[in-house]
Amino acid sequence: MDFRVLQTFVMAATTENFHQTAEALFIAQPTVSQHIRILESELGLKLFERVGKRVRLTPAGKRYLPHARGLLEQWHHGLEDLMAWRQGYREKLQLAVSPIIARTRLSHLIHRYTKLYPDVDLSIKLADSIEIGPFVQSGQADIGLTRMIPGELQLAAYKLYEDPVVFAVPHYGGDMEAPLPDWEQELQTNRLLTHNHPGYWDDLLLLLRQRGLSLRTMAVSQVDITKWFIEEGLGVSFLPRSAISRELFENRFMELPTPGLTVPRAASYLLVPKTGLSEAAQRFVNILEALYSPMETVH
């Protein structure tokens, strides 16, 4: 089996257009048609039917598509494993990491780990916190670093650290000796950008409304977009201090004190399978334990 033929079939099934398939794979359109004929001849079944200027899978094509994708995936994994072995790697470690953890804490961990264990093939999958538990549960990642505790998944969870959550507003410049703006006034005259963190917003909004504050909110699921919106004057938000440390240092944001309001803290967690860890994964956990000891078991 020529895997280029399989690749052409899968791409054609995705685009439903041989011309777009040729452009995506950087091959000539007659080559696409030739690859499909070769595969249909080997299988003894017609895989596509014409519908105007497009094509669509026949029932046989639909049935074969997941098998073709599986074969391609195994082929790519085999190539990656061989290349890793050729480069001197002897073990693999797959991490699933929340973007905010990746930007604020991960580089130090990676520096330390790769210096101690240079023969480990390390890969990092950035994902929303809600996705990280399922990645670890399914084996797509050996370890998860997330901002939320998973629900019913069969995973062990440990709290690594907590981060202060602060009220962030655009830096208005002006006299450094001038008094800071009133936080409640800022909150009520600007749109509040919410739900950029999975851990504290519901409790925080309840506390704010219990104070009788009139809020206009807009949910923005990503921290980076929230920060951009703040800089563009589109609103204000409560964010983990580590997430805005650069903006505070560069005087792009101001952190306003919130007297009378006890703001919840943001926590970050380690997720590992309960069924045991590979040696490469255990060594990564050992580094975390040395940095964040004692790690509190939460799940």
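Kindly provide the set of residues from the stretch 202-230 that are assigned to a helix (DSSP H, G or I), open to solvent by less than 50 Å² (accessible area, probe 1.4 Å) and of a type in the set (A, V, I, L, M, F, W, C), ordered by number. Selection gives L204, L205, L208, V223, F229, I230. Restricting the stretch 19-60 to residues that are of a type in the set (S, T, N, Q) and part of a helix (DSSP H, G or I), the residue that is surrounded by the fewest Cβ atoms within 10 Å (Cβ to Cβ) is S41.
Return the residues of the stretch 261-275 that are crowded, with 16+ Cβ neighbours inside 10 Å and either within 17 Å of L145 (Cα to Cα) or hydrophobic (A, V, I, L, M, F, W, C) (or both); say none if nothing qualifies. Spell out how you get there, then give the answer.
Kept after step one, since they are crowded, with 16+ Cβ neighbours inside 10 Å, are these residues of the stretch 261-275: 261, 263-264, 266-273.
Within the stretch 261-275, L261, V263, A266, A267, S268, Y269, L270, L271, V272, P273 meet the criteria.
Cβ-Cβ contacts under 8 Å between residues 6 or more apart (or on different chains), taken from a first residue in the stretch 9-23 that is under 14 Å from Y64 (Cβ atoms) to a second residue that is charged (D, E, K, R), are listed as V10/R69. For residues in the stretch 231-260 being hydrophobic (A, V, I, L, M, F, W, C) and open to solvent by 20 Å² or more (accessible area, probe 1.4 Å), which is modelled with the highest pLDDT? Out of the qualifying residues, it is L234.
Taking L256, is it closer than 16 Å to S129 by Cα and touching a strand residue (DSSP E or B) at 6+ places or on another chain (Cβ under 7 Å)?
Details: closer than 16 Å to S129 by Cα: no; touching a strand residue (DSSP E or B) at 6+ places or on another chain (Cβ under 7 Å): yes.
For L256, the condition - closer than 16 Å to S129 by Cα and touching a strand residue (DSSP E or B) at 6+ places or on another chain (Cβ under 7 Å) - is not met.
Residues in the stretch 231-265 that are closer than 27 Å to R209 by Cβ, in a loop (DSSP other than H, G, I, E, B) and not small (G, A, S): E232, L234, P257, T258, P259, L261, T262, V263, P264, R265. Determine whether A12 is closer than 30 Å to D121 by Cβ and either of a type in the set (S, T, Y) or surrounded by 13 or more Cβ atoms within 10 Å (Cβ to Cβ) (or both). Considered against the rule, which asks whether it is closer than 30 Å to D121 by Cβ and either of a type in the set (S, T, Y) or surrounded by 13 or more Cβ atoms within 10 Å (Cβ to Cβ) (or both), A12 comes out as no. Collect the residues in the stretch 91-124 that are assigned to a loop (DSSP other than H, G, I, E, B), open to solvent by 10 Å² or more (accessible area, probe 1.4 Å) and not aromatic (F, W, Y), keeping them in residue-number order. Scanning the stretch 91-124 gives P118, D119. For the stretch 37-77, a residue qualifies if it is of a type in the set (G, A, S) and within 36 Å of the chain's Cα centre (by Cα), and the qualifying residues are A60, G61, A68, G70.
Scanning the stretch 266-275 for residues that are part of a strand (DSSP E or B) and among the hydroxyl-bearing types (S, T, Y) turns up S268, Y269. Inspect all residues belonging to the stretch 2-23 and state whether any of them is small (G, A, S) and under 27 Å from the mean Cα position of the chain (by Cα). There is no residue in the stretch 2-23 that is small (G, A, S) and under 27 Å from the mean Cα position of the chain (by Cα). Scanning the stretch 125-154 for residues that are in contact with a Gly (Cβ under 7 Å, 6 or more places away or on another chain), open to solvent by 50 Å² or more (accessible area, probe 1.4 Å) and of a type in the set (G, A, S) yields a total of 0.
Within the stretch 276-299, if we keep just the residues that are part of a loop (DSSP other than H, G, I, E, B) and exposed (fewer than 14 other Cβ atoms within 10 Å of the Cβ), the residue that is nearest to the chain's Cα centre (by Cα) turns out to be V298. Figure legend. Inter-residue proximity from the stretch 193-211: first residues under 21 Å from W228 (Cβ atoms), second residues surrounded by 19 or more Cβ atoms within 10 Å (Cβ to Cβ) and of a type in the set (K, R), beta-carbon distance below 8 Å, spacing 6+ or different chains. Indicated pairs: H197/R147; P198/R147. With respect to (1) in contact with a helix residue (DSSP H, G or I) (Cβ under 7 Å, 6 or more places away or on another chain); (2) under 27 Å from T146 (Cβ atoms), the lone exception for L215 is condition (2).
The values are calculated or read from the model by the stated rules, or taken from the named source; none is laboratory data. The shown structure was predicted, so the numbers you read here are calculated from the model rather than taken from an experiment. All Cβ positions, even for glycine, are placed from backbone atoms using ideal geometry, and neighbour counts span all protein chains on display. Ligands, DNA and RNA are excluded from the accessible area calculation, which covers all protein heavy atoms including side chains. Shrake-Rupley method; radii C 1.70, N 1.55, O 1.52, S 1.80 Å.
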